[in-house]
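See below for the structure under consideration.
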Amino acid sequence: MMPPVIIQDWRQVPPELRGCTLALGNLDGVHLGHLAVLRAAHAGRPELPLAALTFEPHPREYFRPEDPPFRLTPLPAKAAALGAAGVKVVFALAFDATLAAMPAAAFVEDILHQALGARHLACGADFAFGHRRGGDAEFLGRAAEARGIGLTVVPPVTDSQGQISSTRIRRLLQDGYPERAAAKLGRPWEIRGEVVHGDKLGRVLGWPTANIWLDGYLEPARGVYATTVLLADGRELKAVSNIGRRPTLGGDPKTRLETFIFDFTGDLYGQEIGVRLRHFLREDRKFDGLEPLKLAIAEDERQAREVLAALDLGAPQPR
């Protein structure tokens with residue numbers, strides 16, 4: 001499947017990319033609720049290319065830059081998930097002072113109508129846009145109709161606990177429930193990044209790890225996870241991963257993701273990999289030296305292999 005085209009400047013949209021059916025929203029996570037909006041956009045005008053409009057940075061990042069990273073899907077991961085859902089074009093509009101100050105009416109006329117030439121729109125019932133969130137779904141419906149643009153407003157997608165939202169998924173990951181988060185995303189949550197050089201201590205201990213930083217991603221619960229790893233060549237391999245700051249080794253200033261891939265030999269430095277969290281095994285903790293740490297890592301590997309084998313068999317997961 002071809003990755004979607006990404007457009008960040010709404011003033012420079014190529015003519016051939018205008019005239020789409022368009023899903024609107026921040027779309028962080030591209031979860032089941034977002035997928036419902038995408039389906040509605042496609043159903044509204046199935047003969048047109050499916051596009052998504054979102055914002056970079058996320059408006060929360062723009063208005064509250066001091067907040068810790070909270071994104072489920074930075075732009076590359078979001079675009080990949082949208083592409084997998086059938087999106088051909090991602091309008092990741094640069095959220096800056098100009099866009100933040102744009103009135104809702106101007107957003108519809110200047111961007112959706114004139115720049116993008118949108119023919120049909122879809123959004124969630126709680127979608128808000130424009131200066132101080134001055135436009136809502138009702139306003140959008142009136143403004144779109146006046147311009148001959150269709151609109152589908154999608155009701156919330158819910159489960160037994162309520163509305164599926166990015167906020168709920170973030171909380172589940174921070175509490176150590178990646179399986180529950182995956183059920184709301186429709187896929188395992190994945191952290192993608194370039195493998196960087198560490199201090200090679202894992203190799204000395206007998207568990208060489210591929211290290212990536214969490215830059216831009218939400219920090220989930222620190223600890224050890226059973227994971228699978230998607231390599232650049234398309235293989236998905238079983239692994240055990242630690243997310244933390246290595247308190248036994250004196251502590252790190254930044255959280256890192258260290259992954260030991262089972263039965264793998266090869267050089268991954270400089271390559272991008274995706275680590276998919278499958279099950280939380282234990283919290284990160286400090287050990288009294290390297291020998292207790294080695295025993296704990298051996299037990300982590302044993303448990304991760306057991307959990308991942310059960311996943312293969314479709315067996316009930318540990319709680």
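Residues that are within 26 Å of the chain's Cα centre (by Cα) and β-branched (Val, Ile, Thr) number at least 2 in the following helices (runs of 4 or more DSSP H) confined to the stretch 95-181: 166-174.
Can you pull out the residues in the stretch 165-196 that are of a type in the set (Val, Ile, Thr) and either crowded, with 16+ Cβ neighbours inside 10 Å or assigned by TED's automatic domain parsing to the domain that holds ALA80 (or both)? Steps first, please.
Taking the stretch 165-196 first, the residues of a type in the set (Val, Ile, Thr) are 167, 169, 191, 195-196.
Listed by number, the residues that qualify are ILE169, ILE191, VAL195.
Just one of the numbered conditions (1) in a strand (DSSP E or B); (2) free of Cβ contacts under 8 Å to residues at least 40 places away in the same chain is not true of VAL90: (2).
Can you confirm whether the stretch 198-219 contains a residue that is within 25 Å of GLU61 (Cβ to Cβ) and more than 23 Å from the chain's Cα centre (by Cα)? No, because not a single residue in the stretch 198-219 is within 25 Å of GLU61 (Cβ to Cβ) and more than 23 Å from the chain's Cα centre (by Cα). Being surrounded by fewer than 20 Cβ atoms within 10 Å (Cβ to Cβ) and at pLDDT below 95: is that true of GLY162 here? Yes: the conditions hold for GLY162.
Checked against the criterion of being among the aliphatic types (A, V, I, L, M) and at pLDDT below 90, the candidates ALA315, ALA239 yield just one match: ALA315. Within the stretch 208-230, residues that are within 13 Å of PHE260 (Cα to Cα) have Cβ atoms under 8 Å from residues that are assigned to a loop (DSSP other than H, G, I, E, B) and of a type in the set (Gly, Ala, Ser) in these pairs: THR209/GLY198; ASN211/GLY198, counting only partners at least 6 apart in sequence or on another chain. A search for C-beta distances below 7 Å between a residue of the stretch 120-131 that is touching a residue at least 12 places away in the same chain (Cβ under 8 Å) and closer than 12 Å to LEU22 by Cα and any residue that is surrounded by fewer than 22 Cβ atoms within 10 Å (Cβ to Cβ) and polar (S, T, N, Q), counting only pairs 6+ apart in sequence or on different chains, returns ALA122/THR152.
When we screen ALA43, ALA51, ALA92 for residues that are over 27 Å from ARG180 (Cβ atoms) and out of contact with any strand residue (DSSP E or B) (no Cβ under 6 Å at 6 or more places or on another chain), the only hit is ALA43. Screening PHE70, PHE63 for residues that are among the aromatic types (Phe, Trp, Tyr), in contact (Cβ under 8 Å) with a residue 40 or more places away in the chain and not assigned by TED's automatic domain parsing to the domain that holds TYR217 leaves exactly one candidate, PHE70. Go through the residues of the stretch 265-278 one by one and say whether even a single one is at positive phi, without any contact (Cβ under 8 Å) to a residue 24 or more places away in the chain and more than 23 Å from the chain's Cα centre (by Cα). Yes: the stretch 265-278 contains one or more residues that are at positive phi, without any contact (Cβ under 8 Å) to a residue 24 or more places away in the chain and more than 23 Å from the chain's Cα centre (by Cα).
State the number of residues belonging to the stretch 65-102 that are surrounded by 15 or more Cβ atoms within 10 Å (Cβ to Cβ) and farther than 27 Å from LEU48 by Cα. Of the residues in the stretch 65-102, 4 are surrounded by 15 or more Cβ atoms within 10 Å (Cβ to Cβ) and farther than 27 Å from LEU48 by Cα.
The values are calculated or read from the model by the stated rules, or taken from the named source; none is laboratory data. Only a predicted model underlies this, so the values are computations on that prediction, with no experimental measurement involved. Ideal geometry is used to build each Cβ from the backbone, glycine not excepted, and the neighbour counts take in all protein chains shown.
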